[in-house]
Amino acid sequence: MGTQIYRNTLLNWKAIDVGQEIKTILYVSNPTINDHLATFARDHDWTVFEMPRVSSSGLPYLKEMYRHASQHYRCVFYGFSNGDILYNRDLVITLDAISKVH
């Protein structure tokens with residue numbers, strides 16, 4: 001997948017105006033190799049971390065990413081999204097509605 005797709009996704013989160021409601025984290029396998037994307041993410045108010053743990057084939061362990069995120073942020077919800085999925089403001093509205101019932 002090209003870097004432009006990832007950049008579009010990073011910008012999408014800013015476009016839906018998540019403000020302080022959603023903490024955006026980009027996990028990268030190697031901050032040095034992914035420096036351009038990591039810098040782009042930081043420039044657009046994302047927090048960038050190196051993946052906390054990967055398999056011998058380099059695949060990330062999702063459970064470790066959730067654990068790591070929960071150690072840095074206290075939230076009602078934690079979620080994961082691939083780098084090629086776009087959302088709109090309805091995501092924030094839906095999560096807000098669910099949190100009021102929760």
Next item on the list: Within region 51-68, identify whether any single residue is hydrophobic (A, V, I, L, M, F, W, C), over 29 Å from D96 (Cα atoms) and either touching a Gly at 6+ places or on another chain (Cβ under 8 Å) or modelled with pLDDT under 95 (or both), and answer yes or no.
Entry: yes
Margin query: Yes or no: region 15-37 includes at least one residue that is more than 22 Å from I98 (Cβ to Cβ), charged (D, E, K, R) and either at pLDDT 90 or above or part of a strand (DSSP E or B) (or both).
Written below: no
Notebook entry, point to check: Quick check: anything in region 76-84 loosely packed, with under 11 Cβ neighbours inside 10 Å and among the small types (G, A, S)?
Noted result: yes
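The values are calculated or read from the model by the stated rules, or taken from the named source; none is laboratory data. Fair warning: this is a prediction, and the values are worked out from it, not measured in the lab. Every residue, glycine among them, receives a Cβ derived from its backbone with ideal geometry; neighbour counts consider all protein chains shown.
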